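I have placed the structure first, in the form of structure tokens, so that the comments after it can refer back to it.
Since every read-out is calculated from the coordinates, none of them should be taken as a lab result. Since this is a predicted model, take the numbers as computed values, not measurements. Cβ atoms come from the backbone with ideal geometry, glycine included; neighbour counts cover every protein chain shown.
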Amino acid sequence: MADTLTKRQPYRELAHRENDGVEVVLFWHQLTDELMVRVSDERNGAWFELAAERHQALDVFNHPYAHAAFRGVPDHRSG
């Protein structure tokens, strides 16, 4: 049963924060053992995702806009 759940829900939320309409979530992918930070802004519909190395995961989680700017990651707009 646990194996079936892992295949249906391979991402596990490790950290979450939300402030003033901006949500930041740190995920771990159970099958690939990769970390990812997802940022979404409900005020304007913008969102982006960043891969995070283990040694930088909390820094990416705490400062996602700085990491996105440094990497040149564009945001996406919904709607």
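Brief remarks on what is shown
- Sum of side-chain charges, Trp28 neighbourhood, beta-carbon under 9 Å (Lys, Arg +1; Asp, Glu -1): -2
- Per-residue HN-Hα couplings for the stretch 17-31 [Karplus 6.51, -1.76, 1.60; θ = phi - 60°; Hz; x = Gly/Pro]: 8, 8, 7, 6, x, 9, 10, 10, 10, 9, 10, 10, 8, 5, 7
- Among Ala52, Ala69, Ala15, residue whose mean-square fluctuation peaks in a GNM of the chain (springs only between Cα atoms under 10 Å): Ala69
- The HN-Hα couplings worked out from phi for the stretch 35-47 by the Karplus form 6.51 cos²θ - 1.76 cosθ + 1.60 (θ = phi - 60°) are 10, 8, 10, 10, 10, 9, 10, 5, 5, 10, x, 7, 7 Hz, whole numbers, x standing for Gly and Pro.
- Contact order normalised by residue count of the stretch 2-77, Cα under 8 Å, 6+ apart, percent: 22
- Surrounding net charge for Arg38, when Lys and Arg each add one and Asp and Glu each subtract one, Cβ distance under 11 Å: -3
- Neighbourhood net charge (13 Å Cβ-Cβ; Lys/Arg +1, Asp/Glu -1) for Leu14: +1
- Choice from Asp20, Asp59, Asp41 with maximal GNM fluctuation in the chain (Cα, 10 Å cutoff): Asp20
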